[in-house]
Each structure stands twice: as structure tokens, then as C-alpha cells.
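The structure appears right after this line, and notes come after that.
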Amino acid sequence: MTIRLAPSILSADFAELGRDIAAAERGGADLIHVDVMDGHFVPNITIGPPVVRAIKRVARVPLDVHLMISEPDRYLDDFIEAGAAMVSVHVEVLPHLHRTIHYIKSRGAQAGVVLNPSTPVVAIENVAGDVDFVLVMSVNPGFGGQTFIPRSLEKIRAVRALLDSAGNRAPIEVDGGVDLQTVGAVVSSGAEILVAGSAIFGGRQPEQAARSLKEAALGAATARART
Ligand code: DX5
Ligand code: ZN
């Protein structure tokens, strides 16, 4: 497995995004996770394509854009043109998920599908061979700093089994409540891309926090490989 750390800027200082992104990158960030919220699909409102474009100018690692919006199809071009290398969309809002996935790929970005905590894995059964990654939400989307939902571990294992049965080595990303306490179990269950917001930007030393979290994740991955 290949571990990648994706700090979520949702918990960063929005007036100092460049500074905070650089710190996370020094600490070992492999991606920058960008949470887009519309106040409709989720209760919160965050940022749009102009901010993604600005982040793209300063980030040295690829941008992983998580669309928590009701009509993602309308905005895919805008976010990809703004610099998103990975785009994830929620299955709960997409009646034509297969078409959306292939549209994202046709525009040169990696396509991910996201499952809310209450959404069953079967919802992605028929696109398991099509996706570039699957994002398992381990909190209800909308806010940073929430508590990890333990049942998510079982879901990570079920998604891994589904992807394997489809012959797809696509990685699983986990988002919500990932910190030094939970990251070991998350990785042991099969997740490879780890989103963390408050665990990295919630304190005063994002560089050190990113480094510690990545070391813990890599340690868990090594232990998993031995079993
Ligand atoms: C939640 C967002 C997450 C959030 C995670 O809706 O999708 O990416 O930033 O924050 P933490 O790591 O604090 O749970
Ligand atoms: Zn997210």
C-alpha cells in the first residue's frame, strides 16, 4: 500500500493559506485536500473555484478537491480548470454517477466517489471498476473537528473487498476524525489516503503535526504488510 497524507485546509487559517500549505508540505503532505461546501448538500459554506485557483499557484503537491455540493456536474469544469488533480463527488446527489465519473476522467482529473456514513457500500457496486479512488466519510460532512465514527473501519474493509473483486487497485481515502488516535486502525483497515484537518491545522505546529501523523500512518502500513 502507498500511504498519502492529505491535509484539509478547512481547519487552516484562511488568511494565511499559503503559509499553512507550505508548512503541511514540509511535514510530508502528499496532497492538499480542499473541502467545497455549498450550504445546501451540507450545512456549511466554504470556498469555490477562484480560491482553488489561488491555492494551485502556491501548492507544490496535487490538489484533492472534495465536492460537498448538490449539483457537482455543473461545476466540474470550473474546478478542474482551476487546478484540481483529483475530484470527488458524493454518490448521494448523483443519479448518473457513471457518467459523472467518466466525465471527470475525460477532463484529465482522477475521479473519486464519496460515501456518507449512512450510505451503503452497495451504492458504488456498479462503478467499482470505474473509479480512481473511493472516499469513505468517517464523519457526517460539513464541519471539521468531529469525532471519528468507529463503524467506518468495517466500511473501509468492505470497500476494499469490493474494489478487489472488481480488479481495481484504486486507493481508499478516509475523511473525518483522523488523528494520532485513529490513524492506525484506519490504515490497518486498508485506507491509503488520509485526510486530516484539525489534527494538522488545529494546533500551532502544522508541520510537526503532519510529520507525526504521517509517521504513525507509515508505521501502521508497515505493520499491516507484515501480517
Ligand atoms: C468534513 C470535511 C473534512 C474535514 C475533516 O466535512 O470533508 O475534510 O476537513 O476535518 P477533521 O480532520 O478535523 O475531522
Ligand atoms: Zn473532505
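The values are calculated or read from the model by the stated rules, or taken from the named source; none is laboratory data. Since the structure is predicted, the reported quantities are computational estimates derived from the model, not experimental observations. Because the Cβ atoms are built from the backbone with ideal geometry, glycine has one as well, and the counts that use them run over all protein chains shown.
On the given criteria, is T182 hydroxyl-bearing (S, T, Y) and surrounded by 15 or more Cβ atoms within 10 Å (Cβ to Cβ)? For T182, the condition - hydroxyl-bearing (S, T, Y) and surrounded by 15 or more Cβ atoms within 10 Å (Cβ to Cβ) - is met. Only a single item in (1) away from ligand 1 (no atom under 16 Å from the Cβ); (2) of a type in the set (D, E, K, R); (3) assigned to a loop (DSSP other than H, G, I, E, B) is not met by D164, and it is number (3). State whether the residues of segment 3-11 include one that is under 17 Å from L135 (Cα atoms) and away from ligand 2 (no atom under 16 Å from the Cβ). Checked against the condition, which is being under 17 Å from L135 (Cα atoms) and away from ligand 2 (no atom under 16 Å from the Cβ), segment 3-11 yields at least one hit.
Quick check: is even one residue across segment 138-154 closer than 26 Å to R226 by Cβ, out of contact with any helix residue (DSSP H, G or I) (no Cβ under 7 Å at 6 or more places or on another chain), at pLDDT 95 or above and in a helix (DSSP H, G or I)? Within segment 138-154, one or more residues are closer than 26 Å to R226 by Cβ, out of contact with any helix residue (DSSP H, G or I) (no Cβ under 7 Å at 6 or more places or on another chain), at pLDDT 95 or above and in a helix (DSSP H, G or I). State whether one or more residues within segment 194-206 are closer than 27 Å to L97 by Cα, among the basic types (K, R) and surrounded by fewer than 22 Cβ atoms within 10 Å (Cβ to Cβ). There is no residue in segment 194-206 that is closer than 27 Å to L97 by Cα, among the basic types (K, R) and surrounded by fewer than 22 Cβ atoms within 10 Å (Cβ to Cβ). For segment 120-156, name all the residues that are away from ligand 1 (no atom under 14 Å from the Cβ), under 21 Å from A199 (Cβ atoms) and in contact with a strand residue (DSSP E or B) (Cβ under 8 Å, 6 or more places away or on another chain). Hits for segment 120-156 are F133, K155, I156.
Take D78 and tell me if it is within 23 Å of G18 (Cα to Cα), surrounded by fewer than 17 Cβ atoms within 10 Å (Cβ to Cβ) and of a type in the set (D, E, K, R). For D78, the condition - within 23 Å of G18 (Cα to Cα), surrounded by fewer than 17 Cβ atoms within 10 Å (Cβ to Cβ) and of a type in the set (D, E, K, R) - is met.
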